[in-house]
Each structure stands twice: as C-alpha cells, then as structure tokens.
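Read through the structure below, which is laid out as structure tokens, and then see the notes.
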Amino acid sequence: MSTRPVPLLDDMENIRPAIHEDIQAVFELNLASFAEAWSHQALMDALEHDYDLDVWHTTHGKLAAYYLGQDVLDEVHIMQLAVAPTFRRQGLGIRLTRYILDKKHREGMRHVWLEVRASNVAAQHLYTGLDFRISGIRKNYYTPRSEGFPREDARVMRYDL
Ligand SMILES: CC(C)(COP(=O)(O)OP(=O)(O)OC[C@H]1O[C@@H](n2cnc3c(N)ncnc32)[C@H](O)[C@@H]1OP(=O)(O)O)[C@@H](O)C(=O)NCCC(=O)NCCS
C-alpha cells in the first residue's frame, strides 16, 4: 500500500488571483522555494503591474501554492510556481500547472515557456510529465544555489497550448 499522503483537495479553496494581503505569505513561500527569490517589493510591484499572481489556500487560510507569470503577446512565461514544503508530493503542483495551462488556453495563449535549474529534478519531472519539452540550455544562467556551488545552467522548457 502507498505511504503517500492522501491528497488534500477537500481542504482546499479555489485558486484565485492574489490581493495585497496575500503578498507576505507569497513572499515567505518564495523565500522557502527559490534560491533566486524575489523581494517583497518586487512581488508587490508584480501584483500591481502586468503579471499574473494566483494563490491557492487551504480552507484554514494557509497558502499552499502560488503561480507567478507574465503573458507577452501569445506567450506565457512561468516565472515561479511553488508548493509549500509541507504540501509537496500530493499532486498540488501538477493540478496548479494544469489549471494555469487550461486558463491560458482559454485566454488564447499559444505557447508557454519557463526556465528551470538543471539540478531541479522535481520541477523537470513535473513539467515533462505534463508534456513540456526541453527546448534549450542557458549556460551558467543561475547564481549558485548555495555557497560553494558553481553557477548553474537553466533548462528552457516549452509547451504548446
Ligand atoms: C516543483 C514543485 C512545484 C512540485 O510540486 P508538488 O506539489 O510536490 O508536485 P506534485 O505532487 O504535483 O508532483 C507532480 C510530479 O512532479 C514530479 N515530482 C514532484 N516532486 C518531485 C521530487 N521531489 N522528485 C522527483 N519528482 C518529483 C513527479 O513526477 C510527480 O509525479 P508523481 O507524484 O506521480 O511521481 C515543488 O517541489 C516546489 O514548489 N519546488 C520549489 C519551487 C520550484 O522549483 N518550482 C518550479 C520551478 S518554477
């Protein structure tokens, strides 16, 4: 029998656009999830300008996941998609990504792009499992993920809607 936790979907609110009051929790989850985390101010600016910022809370009001991206013409750029560490491996990442792909398809977008660290196996499995494909490498794109590590390549991934 699987030891994986039961998905929490009954305990989840609907995914919705972020509001100002969400930014502190998004900021904290971005710090916990990305070596190249955004500042609080940058997230606030993103909310106020031409970015998409969608949040997914539990029914208890805890931020479980969010999506940050930008549309340019008919292309979507996924900038950040994160699931809170205690909620990982329960299918939230794949559901949130599917939600974004579906929404962007309905909005008439044609292509989705993202960059992911070469060492980020979890994200690459998530996206390849959804039929994203690797379309290029950006050499030494990322700063070291921690002290003592070299700069890291980015894998550029693409999905056609
Ligand atoms: C990548 C991330 C969003 C995955 O979220 P998640 O909710 O744990 O993912 P899911 O439970 O929906 O898993 C979907 C698939 O992704 C892959 N995956 C997820 N975590 C994995 C891991 N630690 N190792 C290997 N594959 C993994 C698996 O293929 C998994 O399918 P499976 O459970 O049937 O094996 C999450 O680990 C995260 O927030 N990481 C930090 C931020 C980040 O790297 N974001 C992506 C770049 S924008």
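Please return the longest range in the chain lying between exposed loop sites, taking GluC sites (Glu not before Pro), DSSP loop only, at most 15 other beta-carbon atoms within 10 Å, and leaving the sites out.
37-106
Please state, to two decimals, what the Cα-based radius of gyration of the chain comes to when divided by 2.2 N^0.38 Å (N = residues).
1.03
List the aspartates and glutamates whose Cα sits under 13 Å from the Cα of LYS62, skipping any in the same chain fewer than 8 residues away.
Filter leaves ASP11, GLU13, GLU21, ASP22, GLU28.
Which percentage, to the nearest 5, of the DSSP beta bridges contained in the stretch 65-161 is antiparallel?
DSSP beta bridges in the stretch 65-161 are roughly 85 percent antiparallel.
GLU147 versus ILE94, label points 7 Å from Cα toward the beta carbon: distance in nm?
3.9 nm
With a ≥ b ≥ c taken as the square roots of the eigenvalues of the C-alpha gyration tensor of the stretch 92-146, please select rounded if a/c is under 1.5 and otherwise prolate if a/b is larger than b/c or oblate if it is not?
Prolate, because a/c is 1.5 or more and a/b exceeds b/c.
Grab the DSSP H runs of the chain that are 4 residues or longer, score each as -39,500 (n - 2.57), total them, divide by all residues and round the 222 nm result to the nearest 500 deg cm²/dmol.
After summing the helix terms and dividing by residue count, I get -8500 deg cm²/dmol.
Sort HIS77, HIS105, HIS60 by Cβ crowding within 10 Å, fewest neighbours at the top.
HIS60, HIS105, HIS77
Report the calculated FRET efficiency for HIS20 and VAL121 (r = Cβ-Cβ distance, R0 = 30 Å), to the nearest 0.05.
So, using R0 = 30 Å, E works out to roughly 0.30.
Values in this text are rule-based calculations from the coordinates and carry no lab data. Quick caveat, the model's predicted, so the values are computed rather than measured. Note that we place each Cβ from the backbone using ideal geometry, even for glycine, and neighbour counts take in every protein chain shown.
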